[in-house]
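Below is one structure, written out as structure tokens; comments come after it.
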Amino acid sequence: AYPPPAERPRAHQYLLVAAVDEVADEYPDEPIFQEVLERVKVDSDYSKVLIDMGVQHMSSLRAELKKTVAKYVRDEYEVSPKNPDRIRKWLYKVSYLYAGDVEGVLDTAKLMHRPIFRVILKKAFFNGPHSFAARRPELFVDADYHKKHVPGALMVLIGTMIGVCLSELLLPGAEESKPDAHLKAGFFETEYLRVWKELQRLLDDAPNKFYHLLSKLYTQASEGVIIHAAEEESIMNISGMSESEVE
């Protein structure tokens, strides 16, 4: 979501080529996609136009996700601009990722077990047959783990937005929700790295627990949600229809 600045142009180019290549493979009978693939490999100006479109789209997605997260942060963590010390305690060492209470008992063995994580997953990514999870089901399956699970990068992004929303409650004007009570893009990247390192630590030290967590989150988010519309048999009686009469 936030490639390091020095690596950003190369990362964006790599992602663009990979995305177009995937579409070209999916639609082999459509030569236009193969033509686009060949062009993005050699035409930097053309690639830049497509990359800029993708970056803008990602920015809009992150903004929508942040709006969703902001609706639940205050109740989940029992915070407001009036108790800044409690907010700072939640932000300390990304404590907001863990179950429990930062002023009571914080359970650091339960990463991302808080209700807000499954709520945001449902609201933002598992909200019906046209949701992100329905449109891109292949992203929720790991070839090695062989179980459906939420991509780690998606959980890092949700965690980042929680940290950002908590941090914005410390800014002047937060109580009145003034437009200037927002953080700059650089802060998002810093918070993203903090959350990513925490999840990466779990993957490095206990990969089975890492995948179990992501699989459990998928089950919780998809429970009771119709991701794929059911196929229904038509009751149409074609043989009984008249070609000459319309009643």
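The values are calculated or read from the model by the stated rules, or taken from the named source; none is laboratory data. No experiment lies behind these values; they were computed from the predicted model shown. Neighbour counts are summed over all protein chains in view; Cβ atoms, including those assigned to glycine, are modelled from backbone coordinates with ideal geometry. When the accessible area is computed, the model is the full protein with side chains, heavy atoms only, and any ligands, DNA or RNA have been set aside. Shrake-Rupley method; radii C 1.70, N 1.55, O 1.52, S 1.80 Å.
For the stretch 62-86, filtering for residues that are open to solvent by 30 Å² or more (accessible area, probe 1.4 Å) and among the hydrophobic types (A, V, I, L, M, F, W, C) leaves 2. Selection over the stretch 107-141 of residues that are among the hydrophobic types (A, V, I, L, M, F, W, C), surrounded by fewer than 17 Cβ atoms within 10 Å (Cβ to Cβ) and not in a helix (DSSP H, G or I) gives a count of 2. For the criterion of being within 23 Å of the chain's Cα centre (by Cα) and either at pLDDT 90 or above or not in a helix (DSSP H, G or I) (or both), TYR2 passes.
Taking the stretch 74-110 as the range and being more than 17 Å from VAL156 (Cβ to Cβ) and among the β-branched types (Val, Ile, Thr) as the test, the residues that pass are VAL79, ILE87, VAL102, VAL105, THR108.
Residue-by-condition table, conditions (1) touching a residue at least 40 places away in the same chain (Cβ under 8 Å); (2) part of a helix (DSSP H, G or I); (3) under 24 Å from the mean Cα position of the chain (by Cα):
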residue: VAL20; (1), (2), (3): no, yes, yes
residue: GLU35; (1), (2), (3): no, yes, no
residue: GLU38; (1), (2), (3): no, yes, no
residue: GLY54; (1), (2), (3): yes, yes, yes
residue: SER60; (1), (2), (3): no, yes, yes
residue: LYS66; (1), (2), (3): yes, yes, yes
residue: ARG74; (1), (2), (3): yes, yes, yes
residue: ASP85; (1), (2), (3): no, yes, no
residue: LYS93; (1), (2), (3): no, yes, yes
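Condition first: among the β-branched types (Val, Ile, Thr), open to solvent by less than 60 Å² (accessible area, probe 1.4 Å) and more than 18 Å from GLU198 (Cα to Cα). Now tell me which residues in the stretch 87-106 satisfy that. Of everything in the stretch 87-106, just one residue is among the β-branched types (Val, Ile, Thr), open to solvent by less than 60 Å² (accessible area, probe 1.4 Å) and more than 18 Å from GLU198 (Cα to Cα), namely ILE87. Of the residues making up the stretch 144-161, those that are open to solvent by less than 80 Å² (accessible area, probe 1.4 Å) and not in a helix (DSSP H, G or I) are TYR145, HIS149, VAL150, PRO151. Filtered by the rule that a residue be touching an Asp or Glu at 6+ places or on another chain (Cβ under 9 Å) and closer than 18 Å to ARG135 by Cα, the stretch 17-45 gives VAL23, ALA24. Cβ-Cβ contacts under 9 Å between residues 6 or more apart (or on different chains), taken from a first residue in the stretch 147-163 that is within 20 Å of ALA99 (Cβ to Cβ) to a second residue that is of a type in the set (Asp, Glu) and open to solvent by 10 Å² or more (accessible area, probe 1.4 Å), are listed as HIS149/ASP142; VAL156/GLU198; GLY159/GLU198; THR160/GLU189; ILE162/GLU76. Return yes or no: is GLY224 at pLDDT below 90 and under 25 Å from GLU168 (Cα atoms)? When the stated conditions are applied, GLY224 does not pass them.
Spot the failing condition for LEU170; the list is (1) in a loop (DSSP other than H, G, I, E, B); (2) more than 22 Å from LEU213 (Cβ to Cβ); (3) open to solvent by 20 Å² or more (accessible area, probe 1.4 Å); (4) modelled with pLDDT under 90, and only one is missed. For LEU170, the failing item is (4). Kindly indicate whether GLN13 is over 30 Å from LEU213 (Cβ atoms) and free of Cβ contacts under 8 Å to residues at least 24 places away in the same chain. No: the conditions fail for GLN13.
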